[in-house]
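Working notes, beginning with the structure itself.
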């Protein structure tokens, strides 16, 4: 039985690259070093698969499905391409090429998660580093609006709070851990300090911390539900740390304030860098959502919500983002790649996908594949197809091919190439 070592996990933005996977008779039978979710993904990747191409729920050949998909996209006045965060970078590049060819709009899942982060970073820049630097140097870790114990299961043990590094050989003993959230989560049991902030109060709390770091006093008893003494203690601890890191999630990006919350966090980190070394890193969800932003940026100049209807790329979140385009009823056809928007987008947007001809490229059956006019099965990137993905800190990592996909099933990039050829005629 072949054993593949240094395998990259294609689940979350951690992209852990130390897995060992055993394959027998083209089936994964054992996984070492993976978290519970990662292990389940590898061992059960063959379940709930889309078995063959479908057109209106009826079996079709790949050639027929590709031709029908191309016809739908060519005849649409306002086609939308969406998803892309759970596939490899080569497929993302092909999707952008197709969007330009058909004069459509291309968006990725960042528009409903860390889109506000990107808007803030475009305005103010960022202080960042690799996860390896955090592991080796950080003695203060702050998790703000995120719960890695539920969403990024190996983040604490491999990259942050509990990891043993070059200058943090004691692991957890060498670090002070803070968790900030609107409710008590499992992180409270891990953190040295748990700060409970009122819902929607993140911007106010970040501004108060900035004021204290800059040397101003607080003449109030509490800010956003956080006692004054706690704010003063936290600000002083941040200033005195050797190397600090703030990891933040959707609790900061999708709460009241959105990109303004991130701008306040960026400002806090900038102020702290006058006293010590501090960085700010978003906790990206899908394993290649950072890659979707990166590839879209280097090919169009913009990270998401890109419109090619005039023959050149235009960027305007809130107008060209998938939720807005669908909710207004503008999109009249959609190509969904490695995503399940029907299960996750707001009702009006999901209903619009059911009303228009929708093409779905995905290895698995999903709520979106159930409403798809054309459904084409694809090889699972990182298991049945190789490629490149970007970790949450922006580091590109190569995904391995561990086994062959089902007969006749191709990777996303190859199927998109076939659709492009058909569209060009």
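Assorted remarks:
- No other residue among 242, 210, 228 is surrounded by fewer than 17 Cβ atoms within 10 Å (Cβ to Cβ) and in contact (Cβ under 8 Å) with a residue 60 or more places away in the chain apart from 242.
- Residue match in region 290-311 (condition: within 30 Å of residue 192 (Cβ to Cβ) and either surrounded by 17 or more Cβ atoms within 10 Å (Cβ to Cβ) or at pLDDT below 95 (or both)): yes
- Hits in region 4-20 - residues which are loosely packed, with under 14 Cβ neighbours inside 10 Å and either on the phi > 0 side of the Ramachandran plot or part of a loop (DSSP other than H, G, I, E, B) (or both): 6
- Restricting attention to region 119-151, the residues that are farther than 19 Å from residue 243 by Cβ and surrounded by fewer than 22 Cβ atoms within 10 Å (Cβ to Cβ) total 10.
- Single residue of 106, 92, 96 found to be in the same structural domain as residue 331 (by TED's automatic domain parsing), touching a helix residue (DSSP H, G or I) at 6+ places or on another chain (Cβ under 9 Å), within 19 Å of residue 350 (Cα to Cα) and at pLDDT 95 or above: 106
- Criterion (more than 29 Å from residue 153 (Cα to Cα) and touching a strand residue (DSSP E or B) at 6+ places or on another chain (Cβ under 9 Å)) met by exactly one of 320, 287, 312: 320
- Criterion (outside the structural domain of residue 291 (by TED's automatic domain parsing) and more than 21 Å from the chain's Cα centre (by Cα)) met by exactly one of 66, 3, 8: 3
- Tally of residues being under 22 Å from residue 338 (Cα atoms) and either free of Cβ contacts under 8 Å to residues at least 40 places away in the same chain or assigned by TED's automatic domain parsing to the domain that holds residue 242 (or both) across region 291-302: 3
- Those residues of region 31-51 which are surrounded by 13 or more Cβ atoms within 10 Å (Cβ to Cβ) and free of Cβ contacts under 8 Å to residues at least 24 places away in the same chain, in sequence order: 31, 32, 33, 39, 40, 43, 46
- In this entry, residue 375 is excluded by the filter for residues that are at pLDDT 95 or above, in contact with a helix residue (DSSP H, G or I) (Cβ under 7 Å, 6 or more places away or on another chain), buried (at least 24 other Cβ atoms within 10 Å of the Cβ) and within 28 Å of residue 254 (Cα to Cα).
- Of everything listed in (1) under 18 Å from residue 193 (Cβ atoms); (2) in contact (Cβ under 8 Å) with a residue 60 or more places away in the chain; (3) touching a strand residue (DSSP E or B) at 6+ places or on another chain (Cβ under 7 Å), the single unmet condition for residue 179 is (2).
- Test: residue in region 52-72 that is in contact (Cβ under 8 Å) with a residue 12 or more places away in the chain, in contact with a helix residue (DSSP H, G or I) (Cβ under 9 Å, 6 or more places away or on another chain), surrounded by fewer than 24 Cβ atoms within 10 Å (Cβ to Cβ) and closer than 18 Å to residue 320 by Cβ: no
- Applying the condition of being in a strand (DSSP E or B) and under 30 Å from residue 67 (Cβ atoms) to region 21-55 and asking which residue is nearest to the chain's Cα centre (by Cα) yields 49.
So that you can scan it fast, the table gives a plain yes or no per residue for (1) surrounded by fewer than 23 Cβ atoms within 10 Å (Cβ to Cβ); (2) more than 26 Å from residue 29 (Cα to Cα); (3) at pLDDT below 95:
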| residue | (1), (2), (3) |
| --- | --- |
| 344 | yes, yes, no |
| 347 | yes, yes, no |
| 361 | no, yes, no |
| 384 | yes, no, no |
| 388 | yes, no, no |
| 397 | yes, no, no |
| 403 | yes, no, no |
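- Pairs where the first residue, in region 381-398, is over 12 Å from residue 14 (Cβ atoms) and the second is at pLDDT below 95 and assigned to a strand (DSSP E or B), C-beta under 9 Å, 6+ apart: none
The values are calculated or read from the model by the stated rules, or taken from the named source; none is laboratory data. Note that the structure is predicted; figures quoted are calculated from it, not measured. As a convention, Cβ positions derive from the backbone with ideal geometry for all residues, glycine included, and neighbour counts pool all protein chains shown.
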